[in-house]
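Here the structure comes first, spelled out in structure tokens, and everything after it is commentary.
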Amino acid sequence: MIKPIVRIAPSPTGKLHIGTARTALFNYLFARKNKGKYLIRIEDTDAKRSTKNYEKDILNSLKWLGLEGDDEPTRQMERIEIYKKYAENLLKEKKAYYCFCSIEKLEEERRKQISKKQPPRYSGKCRNLSEKEIETYQKEDREPTIRLKIPEDRGTIAFNDLIRGEIKERASLIGDFVIIKSDGVPIFFFAGVIDDHLQKISHVIRGEDHISNTFSQILIYEALKWGKKMPEFAHLPMILNADRSKMSKRKGDFVSVSEFKKEGYLPKALVNFIALLGWHPRKEGKEGKELYRSEELISLFDIEEVGKSPAIFDKQKLDYINGYYLRKLSDDELKSLIYPEHLAEGWQDKDKIIEKAIILVKDRMKKLSDFSELADYFFEKPVYDQEILIFKKSDKSLSQKGLSAAILKLKEIDKKDWQRHEVIQKALEEVVKKEKLNNGDVFWPVRAALSGREASPSPVELLWALGKNESLKRLSGALELINK
Ligand code: GLU
């Protein structure tokens, strides 16, 4: 393959969507695999909905994922004059025409067609205006749009999609469509054709929602006499929730990359996860491997292995992958990522306890934001009911006995020795033996007294992490509670 040039072309009308991130990744993988180029183009011609803040979010999120472009991003609004020039040429060649129809008239026309069960499309009313009529309208200060004139004998438009094979549409179903709006700004897919051509884009890899635009774009390529130099197209399957519903912000689904970032997913994990939305390396077999480093993704990527059916967003799988990458981090790396967004108010300066808590809860974390939930009792004295102090196979009096004996024994341990797990472990074992109790009568109430939870790290680990003073304070509090 000649070195491909591909692009991701987000519209800054929202934060970077996870689906757009997947499209960016597939373009990136395709470029890297084939030693080509990967570009970013901001398609900001929808002035009403585009904002600089969204653009910033998109570029920052792409960077965070490691999907920065090989050149500086381009912006369509900075290139308006270029698109206009091409539209004017089309007007001169009579392949496009001014349309003076008002929005109200067009709306009325549309309504009528729908009520007659006809596919709504432009009637072609302004297609054959005389020079004189055009002049008259212009004098009336009407701001025209420019429409592409679709050749009457065009027949069927077909293209070969790299994922879906041949896709066809009858040209007669597409009405003459607007390429330049009345304010002089192009429709994004007109600007897109010109940019793709001038940037020598070899492959357009994008979401399947653009399939219908492709037919219009082919007509634009042909009008501009670039029909023989069209890029290849590949339309990626959409992404659905596990229940096959559409992902939607309104339903509370996370849809933007910045939300996943905030929740504490790691870029490596997200990249690994979204790479498998709609694609699975055939060489790896259908089931099985789910963990891939970026370099592996690059070397395995094949656009023709992307599926047609919708990809299912399996959050459990994302959590699993994220947990895996979290555990590969060193404790220091994890600390720097948790710090400070994932710490609750007032925890920031408790450096020593943060470090110990990380060591103890790391294995249970699926994402960075789990930390504050899993580790809150390291920072704040837990509040709990008496019952939690009693092991299921024990009873109140045995637990009372175990707890009070443990307190006495632990008090004897020197502060220096408190840092040694084996010393604490031995002390608790001795209590069991001496008092003729079961492990559960001692270890359970101590653990529950320190964490206030059914499940937590072992009592020895908690005693070590909380230190002698705090541990004994909590244990005495628990003894008071159980004696009530
Ligand atoms: N701007 C379009 C979008 O955000 C992409 C168009 C294209 O890739 O050709 O969906």
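Only the coordinates and a few stated rules stand behind these numbers; no lab work does. Everything numeric in this text was worked out from a predicted model, so none of it was measured. All Cβ positions, even for glycine, are placed from backbone atoms using ideal geometry, and neighbour counts span all protein chains on display.
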(request) Scan around residue 37 for amide H atoms under 5 Å from its own, H built in the peptide plane at 1.01 Å from N, and keep only partners 5 or more places away or cross-chain. (result) 5, 6
(message) What does the net charge come to around residue 358 if you take all other residues with beta carbon closer than 15 Å to its beta carbon, with K and R at +1 and D and E at -1?
(response) -1
(request) Could you list, by residue number, the cysteines of the chain that have no other cysteine's beta carbon within less than 4.7 Å of their beta carbon? (result) 101
(message) With θ taken as phi - 60° and the coefficients 6.51, -1.76 and 1.60, list the Karplus ³J(HN,Hα) couplings across region 160-176 in order, rounded to whole Hz; mark glycine and proline as x.
(response) 9, 7, 5, 9, 9, x, 6, 10, 10, 7, 6, 4, 5, 7, 9, x, 4
(message) Please list the three semi-axes, largest first and in whole Å, of the ellipsoid equivalent to region 21-99, using sqrt of 5 times the eigenvalues of its alpha carbon gyration tensor.
(response) 31, 18, 10
(message) Under 17 Å from a point placed 7 Å out from the Cα of residue 283 along the Cα-to-Cβ direction: which residues of region 28-60 have their backbone N that close?
(response) 29-35
(request) Report the FRET efficiency, 1/(1 + (r/R0)^6), for residue 344 and residue 434, where r is their Cβ-Cβ distance and R0 is 60 Å, rounded to 0.05. (result) 0.90
(message) Report the Cα centroid-to-centroid distance between region 396-437 and region 462-484 in angstrom, as an integer.
(response) 12
(request) Please compute the net charge surrounding residue 21, taking Lys and Arg as +1 and Asp and Glu as -1 over other residues with Cβ under 12 Å from its Cβ. (result) +2
(request) State the extension gain, in nm to one decimal, for the chain segment bounded by residue 127 and residue 70, taking 0.36 nm per residue of separation less the distance between their alpha-carbons. (result) 16.3 nm
(request) Report the FRET efficiency, 1/(1 + (r/R0)^6), for residue 413 and residue 246, where r is their Cβ-Cβ distance and R0 is 60 Å, rounded to 0.05. (result) 0.50
(request) Could you list 324, 83 in order of exposure, starting from the residue whose Cβ has the fewest other Cβ atoms within 10 Å? (result) 324, 83
(request) Only helical DSSP H runs with n ≥ 4 go in: add -39500 (n - 2.57) per run for the chain, normalise by residue count and round the 222 nm mean residue ellipticity to 500 deg cm²/dmol. (result) -14000 deg cm²/dmol
(request) Lys and Arg at +1, Asp and Glu at -1: add these up for the other residues within a Cβ distance under 12 Å of residue 3 and post the number. (result) +4
(message) For region 191-280, what does the relative contact order come out to in percent, with C-alpha contacts under 8 Å and a separation of six or more?
(response) 25
(request) Using only Cα atoms, locate the centre of region 287-343 and the centre of region 1-63, then give the distance between them in Å, rounded to an integer. (result) 20
